[in-house]
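Here is the structure we will look at, set down as structure tokens.
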Amino acid sequence: MMRRIGTFGLGAGVFALLGMASGTPAAAVDLELSLPIDCTLGQDCFVQNYVDIDPADTVMTASCERAGYDGHKGTDFRVLNTAESADVIAAAPGVVKGVRDEMPDRLVLSESDREQVGGKECGNGVVIAHGDGWETQYCHLRLGSVTVKAGQRVERGDRLARVGYSGFAAFPHVHLSVRKNGEMIDPFLGTPDNARSRLEGCRSDGSGSLQYQDALWQADLNSLLIDASGKIIETGFADSPVKSIDVERAEVRTPAAGSPAFVFFARLINVRKGDRIALRLVGPEGVLAETGGKPIDGQKAQWVAFAGRKLKQESWPAGNYVGTAMLIRDGEIIQQETSVLSF
């Protein structure tokens, strides 16, 4: 008989498990989490969304940022695009409590898309019981990639599946939820009381470093939280104006000597209201395009900026083309990235 356990953390649905373990580890444990994804943070994977600790209809995350969305109950580790993936691995030892591996990978881009995954927003997933009421849940796994079964013992770092975009996913990622006795836990804060206290602090002064000693992560908190403050995750070149969905699907065409346009683009996550993205494209004969960027009009989970020029001669001159992107906040450059293309 199919059973249902736990909230799955992306809407009002629950995760319908296709298999259940007969028991969970008996010994009480203090949960310690390693990363649930085998990748290099800041290079080929990034933290897109964090737990929303505000029960009201607003968003607040552990770093006093708004790097998430209302009601989000997990931490999202993303890869660059749908052409990329990475192993999803057990963040702590335990017993597999349930799995699902039947849903296609499909980006949710509309309300109609979302309706089609209603009740199964987690997509393909794995739930692991760690003892003393602790559970972790891994969502949006790639179809056909789950390698574990209900009742199976796993150790920290064991491969569970591959990153995908099944269920309610607008980008390829693994969503990690943490629960204690069925209650959502922000792994950066460790307890519901800490989350409530942190929320009060964020509301009162809106700043301050995160100093709780109850965080569940083994990794350095600052390295995990850095993406919440805004980050350039990709720069590159295209032969036409760039749309966000084209970048997400890895469908951007690289310019050639005869391309009708030469465009430099930058993709960012978690940019704030008022941020500016300045772009500069320089070719063998000088500056092709340059923009200081208009201030962003609000918090943006993802943002793509581009600048370029149409071809006005027979072909683009051979040589080096250098694109530079700068994320500017309060008049200061907080990140700068450069890409080079030659032909």
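Filter the stretch 272-293 down to the residues that are within 25 Å of the chain's Cα centre (by Cα), not acidic (Asp, Glu) and not in a strand (DSSP E or B) and list them by number. So that I can check it myself, show each step before the final result.
Looking only at the stretch 272-293, we keep the residues that are within 25 Å of the chain's Cα centre (by Cα), and these are 272-279, 293.
Filter once more, so that each one left must be not acidic (Asp, Glu): 272-274, 276-279, 293.
Across the stretch 272-293, the qualifying residues are Arg272, Lys273, Gly274, Gly293.
Which one is surrounded by the fewest Cβ atoms within 10 Å (Cβ to Cβ), of the residues in the stretch 157-193 that are in a loop (DSSP other than H, G, I, E, B) and touching a Cys at 6+ places or on another chain (Cβ under 9 Å)? Spell out how you get there, then give the answer.
First, pick out the residues of the stretch 157-193 that are in a loop (DSSP other than H, G, I, E, B): 157-158, 165, 167-172, 181-182, 185-191.
Now narrow it down to the ones that are touching a Cys at 6+ places or on another chain (Cβ under 9 Å): 167-169.
On the way: Gly167: 28, Phe168: 22, Ala169: 27.
Ranking the qualifying residues of the stretch 157-193, first place goes to Phe168.
Test of understanding: among Val263, Val252, which residue is among the β-branched types (Val, Ile, Thr), in a loop (DSSP other than H, G, I, E, B) and surrounded by 12 or more Cβ atoms within 10 Å (Cβ to Cβ)? Please lay out each step first, then the result.
Details: Val263 fails: in a loop (DSSP other than H, G, I, E, B).
When all the criteria are applied, what remains is Val252.
Could you identify the single residue in Val79, Val96 that is touching a Pro at 6+ places or on another chain (Cβ under 6 Å), of a type in the set (Val, Ile, Thr) and either at pLDDT 95 or above or outside the structural domain of Leu160 (by TED's automatic domain parsing) (or both)? Walk me through it before giving the result.
On the way: Val96 fails: touching a Pro at 6+ places or on another chain (Cβ under 6 Å).
Matching residue, one of Val79, Val96: Val79.
Out of the stretch 204-237, which residues are over 19 Å from Arg66 (Cβ atoms) and in a loop (DSSP other than H, G, I, E, B)? It would help to see each step written out before you state the result.
The first filter runs over the stretch 204-237 and keeps only residues over 19 Å from Arg66 (Cβ atoms), leaving 211-220, 223, 234-237.
Result: Gln211, Tyr212, Gln213, Asp214, Ala215, Leu216, Gln218, Ala219, Asp220.
Quick check on the stretch 104-152: of everything there that is closer than 20 Å to Asn81 by Cα and in contact with a His (Cβ under 8 Å, 6 or more places away or on another chain), which residue is surrounded by the most Cβ atoms within 10 Å (Cβ to Cβ)?
Cys122
Quick check on this structure: which one of Val117, Val126, Val174, Val146 is closer than 27 Å to Ala215 by Cβ and more than 17 Å from the chain's Cα centre (by Cα)? Break it down stepwise before answering.
Working: Val117 fails: closer than 27 Å to Ala215 by Cβ; Val174 fails: more than 17 Å from the chain's Cα centre (by Cα); Val146 fails: closer than 27 Å to Ala215 by Cβ.
The unique qualifying residue is Val126.
Does Asp57 qualify as being part of a loop (DSSP other than H, G, I, E, B), at negative phi, modelled with pLDDT of 50 or more and surrounded by fewer than 16 Cβ atoms within 10 Å (Cβ to Cβ)?
yes
Suppose we filter the stretch 285-333 for residues that are of a type in the set (Gly, Ala, Ser) and surrounded by 17 or more Cβ atoms within 10 Å (Cβ to Cβ); how many remain? Walk me through how you get there before you give the answer.
So in the stretch 285-333, the residues of a type in the set (Gly, Ala, Ser) come out as 286, 289, 292-293, 298, 301, 305, 307-308, 315, 318-319, 323, 325, 331.
From what is left, the residues that are surrounded by 17 or more Cβ atoms within 10 Å (Cβ to Cβ) are 289, 293, 301, 305, 307-308, 323, 325.
Selection size over the stretch 285-333: 8.
Does Gly201 fit the bill of being more than 22 Å from Asp105 (Cβ to Cβ) and outside any strand (DSSP E or B)?
Numbers: more than 22 Å from Asp105 (Cβ to Cβ): yes; outside any strand (DSSP E or B): yes.
Yes: the conditions hold for Gly201.
Which number in (1) assigned to a loop (DSSP other than H, G, I, E, B); (2) at pLDDT below 95 marks the one condition that Phe15 misses?
Failing condition for Phe15: (1).
When you go through Gly236, Gly274, Gly230 one by one, which is the residue that is under 21 Å from Gly293 (Cα atoms), surrounded by 22 or more Cβ atoms within 10 Å (Cβ to Cβ) and touching a residue at least 24 places away in the same chain (Cβ under 8 Å)? Walk me through it before giving the result.
Working: Gly236 fails: surrounded by 22 or more Cβ atoms within 10 Å (Cβ to Cβ); Gly274 fails: surrounded by 22 or more Cβ atoms within 10 Å (Cβ to Cβ).
Answer to the selection: Gly230.
The values are calculated or read from the model by the stated rules, or taken from the named source; none is laboratory data. Predicted model only: the values in this text are computed from it and were never measured. Positions of Cβ are backbone-derived with ideal geometry, glycine not excepted, and every protein chain shown enters the neighbour counts.
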